[in-house]
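Working notes, beginning with the structure itself.
The values are calculated or read from the model by the stated rules, or taken from the named source; none is laboratory data. As the structure is a prediction and not an experimental result, all values here were calculated from the model. Heads up, the Cβs are rebuilt from the backbone with ideal geometry, glycines too, and the neighbour counts pull from every protein chain shown.
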Amino acid sequence: MLLLSSGLFLGWSLGANHGGNLFGPAVGAKMLPFYSAAVLCSILVIIGAVVGGAGATATLGALGAISTPGGAFVTALATAATITLMSRLGLPVSTSQAIVGAIIGWNLFAGAPTGVGSLTTIVASWIAAPLIAGIVAAATYVATRACLCRSRMHLLTVDAMTRSGLVAVSAFGAYSLGANNVANVMGVFVPAAPFSAITVAGLQVSPTHQLFALGGVAIAAGILTYSRRVVRTVGRDLLRLSPVAALVVLFAHGLVLFLFSSQEVGVVLSRLGLPRIPLVPVSSTQAITGAILGIGVVKRARGLRVRVLGDIALGWVTAPPLAAVACYVGLFFAQNVFELEVKDASQGSPITITSSFGQGGMAGISPPLDATPACRAAPAKRDTDPPCGAQESPIRGAGHAITTGHTDGCLSRQCDSPLPRHQLAGPESTAPSSAQWVQGLARTGHASRTALSTERLLPHLTQRVTIT
């Protein structure tokens with residue numbers, strides 16, 4: 001449960017940064033007070049996360065399956081740190097971009113493949129979402145303005161209808177944000193969910209939905225406590241919006257998020273013979289910015305602040321690589337300093353040893369670690385296994401306090417002793433040779449953790465060993 005804290009922190013950061021996308025234009029147009037809008041949107045975010053959060057999670061999981069709670073913890077923490085930094089600078093940043101960068105950072109560290117198809121779909125959504133939002137906002141704004149001009153309604157009537165409309169579209173946008181972006185918050189924890197199914201009021205709640213509920217609460221907390229500064233940036237600094245324009249922008253924003261997260265819309269499109277919209281966590285920030293730019297195009301860019309737009313674009317560009325670097329560095333420290341399991345033992349490229357031995361050496365090299373499912377199942381310790389003893393390592397005398405574990409080819413059961421003699425290849429001897437020790441080390445997979453180089457081993461080996 002403690003490892004979920006980074007996911008909750010990420011949810012809080014998302015709410016703090018994306019609250020402005022939900023009601024920033026309405027608050028900026030002085031049609032809704034900040035706290036009233038914040039409370040309303042917080043409630044709808046939680047509902048959207050629980051009801052519709054499953055739609056976009058699968059695509060994000062295909063990008064990189066983080067199978068350990070430790071890896072998910074560091075990935076979410078790196079994303080949250082990136083989002084918080086951008087929020088401190090007052091820049092709306094894409095959480096979708098940040099989490100994608102962090103997942104790629106984990107893939108690089110773990111040696112795991114990146115789902116190219118999933119990555120292509122997600123990157124395409126970064127382009128499609130603001131484009132669709134801009135087109136919808138521009139078309140809706142032109143149609144709404146034409147209707148208002150022809151209807152000749154009283155100003156007070158227009159004001160009352162606009163306020164009601166702002167409440168409705170803010171609620172719709174909040175629901176859509178919870179349904180679409182909770183995958184960014186808790187999606188990395190789904191493969192290693194620490195919960196079991198529970199029953200509430202006669203309904204069974206799965207571990208995944210429990211994660212989504214926690215993510216929704218975290219997003220709501222961020223909206224209520226730390227979103228005011230970004231609300232100012234979106235609602236007033238980029239483009240001064242009239243109440244009607246704010247209504248149109250929020251409608252376009254909510255519609256885009258809903259389209260990319262609704263499974264029901266995909267079913268309807270399939271029945272009509274139309275291509276389905278991919279279910280991916282799209283950038284709420286890009287959607288709202290695209291909608292505002294669509295209004296700006298209709299107004300022929302009057303009042304559009306290009307410098308603020310450039311600052312927002314800078315946040316978009318820097319977020320993915322910053323999150324990737326932060327995740328990679330965090331994983332390194334978590335594994336090597338805090339000894340946290342951040343990747344599964346079967347992940348990553350296998351380490352092999354090639355060697356050329358002279359006379360009296362070993363006849364050959366055994367294959368690398370065979371990471372079979374049975375091996376990863378952590379078999380119980382047998383009575384025939386040698387005990388973990390304080391045996392002197394062949395290369396400990398050189399000041400290299402290298403310890404390893406014996407696991408019968410697995411990495412699940414470890415102790416601070418050299419490899420037991422029955423795991424070493426080559427001729428039987430009272431004390432294992434250095435070359436045998438290195439070979440056995442590679443066979444158990446510990447060479448991936450231990451900084452072994454040819455130069456460090458040469459003083460203790462009569463044969464040259466190359467680790468590749």
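Sub-9 Å Cβ pairs linking a first residue in the range 194-221 that is farther than 20 Å from ALA56 by Cβ and assigned by TED's automatic domain parsing to the domain that holds ASN17 to a second residue that is assigned to a strand (DSSP E or B) and polar (S, T, N, Q), at least 6 apart or interchain, are ALA197/GLN204; ILE198/GLN204, ordered by first then second residue. Number of residues in the range 163-186 that are surrounded by fewer than 20 Cβ atoms within 10 Å (Cβ to Cβ) and either touching a strand residue (DSSP E or B) at 6+ places or on another chain (Cβ under 6 Å) or not small (Gly, Ala, Ser) (or both) equals 2. For the range 192-226, a residue qualifies if it is of a type in the set (Ser, Thr, Tyr), assigned to a helix (DSSP H, G or I) and either at positive phi or surrounded by fewer than 17 Cβ atoms within 10 Å (Cβ to Cβ) (or both), and exactly one does: THR225.
If the condition is being modelled with pLDDT under 90 and surrounded by 15 or more Cβ atoms within 10 Å (Cβ to Cβ), then the range 126-157 contributes only TRP126. Could you tell me whether any residue of the range 258-266 is among the acidic types (Asp, Glu) and closer than 17 Å to GLY52 by Cα? For the range 258-266, residues among the acidic types (Asp, Glu) and closer than 17 Å to GLY52 by Cα: present. With respect to the stated conditions, SER67 is touching an Asp or Glu at 6+ places or on another chain (Cβ under 7 Å) and in contact (Cβ under 8 Å) with a residue 24 or more places away in the chain. Against the condition in a helix (DSSP H, G or I), crowded, with 19+ Cβ neighbours inside 10 Å, at pLDDT below 90 and under 18 Å from the mean Cα position of the chain (by Cα), how does GLY315 come out, does it pass? Against the criterion (in a helix (DSSP H, G or I), crowded, with 19+ Cβ neighbours inside 10 Å, at pLDDT below 90 and under 18 Å from the mean Cα position of the chain (by Cα)), GLY315 qualifies. Look at (1) among the β-branched types (Val, Ile, Thr); (2) more than 17 Å from ASN181 (Cβ to Cβ); (3) surrounded by fewer than 22 Cβ atoms within 10 Å (Cβ to Cβ) and you find that ILE47 fails only one, number (2).
Among residues of the range 310-334 that are charged (D, E, K, R), those with a Cβ under 6 angstrom from a residue that is crowded, with 18+ Cβ neighbours inside 10 Å, sequence gap 6+ or separate chain, pair up as ASP311/LEU91.
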